[in-house]
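First the structure, in the form of structure tokens, and then the observations on it.
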Amino acid sequence: MPDARPRRLTPRVAALLGSAGVLAVVLSGCSGAPAPTPSPPASASAAPIFASDEEALAAAEAAYSRYLDAVDELTQDGGEDPTRVKSVVSEAYASELMESLAVFKSSGNHTVGYTTYDSMVLGERSEAGGSAAVTTYVCLDVGDVRVVDSSGVDVTPPGRRSRTPIQAQFVSSPNDPSELLPSGSESWPGDDFC
């Protein structure tokens with residue numbers, strides 16, 4: 001459950017996808033990596049990947065910002081070349097997002113505006129075998145994002161929820177264990193912490 005004390009984060013950009021279904025898959029995710037399980041204590045000789053919860057949270061914030069920037073660029077471009085998302089998410093999550101972006105591209109829509117998030121709170125983190133897994137809680141705000149069709153008509157789903165509590169998962173990059181990559185996300189099913 002998220003900490004009652006949200007941490008301040010400079011709003012970052014991202015965009016939504018065209019239809020309500022595609023929108024949910026890309027930003028909220030319909031699936032994703034399961035929540036990490038705590039690992040046994042590291043041996044005295046193994047240095048931790050993150051020295052503190054704050055360091056792990058900072059890595060997750062940086063990863064989520066890169067992810068949102070990439071999704072923003074892709075949806076504003078109408079979903080052209082969805083393989084661009086591969087550089088900012090885990091391999092498994094990239095496959096899921098590329099499928100969603102292909103559906104978005106086929107709609108002929110694009111987005112205008114930016115998604116922001118105003119808080120990210122660390123849920124849990126674990127380290128094992130030289131890799132880290134982190135779960136966070138994020139308040140995602142899509143109030144300023146509009147979905148526009150090819151003729152310039154706003155086709156944003158009416159009644160779309162502007163602020164959504166999200167649970168986001170991250171794993172270590174294969175190239176650098178201290179660089180996190182989003183590995184999944186979903187709408188938080190519990191009480192709305194936003």
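The values are calculated or read from the model by the stated rules, or taken from the named source; none is laboratory data. Since this is a predicted model, take the numbers as computed values, not measurements. Neighbour counts are summed over all protein chains in view; Cβ atoms, including those assigned to glycine, are modelled from backbone coordinates with ideal geometry. Just the protein is used for accessible areas: all its heavy atoms, side chains included, with ligands, DNA and RNA removed. Shrake-Rupley method; radii C 1.70, N 1.55, O 1.52, S 1.80 Å.
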### Query
Any idea which of PRO189, PRO177, PRO165 is farther than 22 Å from ASP72 by Cα and in contact with an Asp or Glu (Cβ under 9 Å, 6 or more places away or on another chain)?
PRO177
### Query
Quick one: is LEU74 free of Cβ contacts under 8 Å to residues at least 60 places away in the same chain, open to solvent by less than 30 Å² (accessible area, probe 1.4 Å) and not in a strand (DSSP E or B)?
yes
### Message
If I go through the stretch 56-71 residue by residue, how many of them are over 19 Å from ARG146 (Cβ atoms), open to solvent by 40 Å² or more (accessible area, probe 1.4 Å) and touching a residue at least 12 places away in the same chain (Cβ under 8 Å)?
### Response
2
### Task
Find the residue count for the stretch 33-55, including only residues that are at pLDDT 90 or above, surrounded by 12 or more Cβ atoms within 10 Å (Cβ to Cβ) and part of a loop (DSSP other than H, G, I, E, B).
3
### Task
Go through SER90, SER107 for me and flag whichever is out of contact with any Asp or Glu (no Cβ under 6 Å at 6 or more places or on another chain) and open to solvent by 50 Å² or more (accessible area, probe 1.4 Å).
SER107
#### Entry: Filter result (open to solvent by less than 50 Å² (accessible area, probe 1.4 Å), touching a Lys or Arg at 6+ places or on another chain (Cβ under 7 Å) and aliphatic (A, V, I, L, M)) within the stretch 110-123
MET120, VAL121
### Query
Looking at ALA132, is it more than 17 Å from SER65 (Cβ to Cβ) and open to solvent by less than 10 Å² (accessible area, probe 1.4 Å)?
yes
### Message
Suppose the filter is under 22 Å from GLU73 (Cα atoms), over 18 Å from the mean Cα position of the chain (by Cα) and at pLDDT 90 or above; does GLY152 pass it?
### Response
yes
### Task
Tell me which residues, restricted to the stretch 135-162, are within 25 Å of ARG125 (Cα to Cα) and in contact with a Gly (Cβ under 7 Å, 6 or more places away or on another chain).
THR135, THR136, TYR137
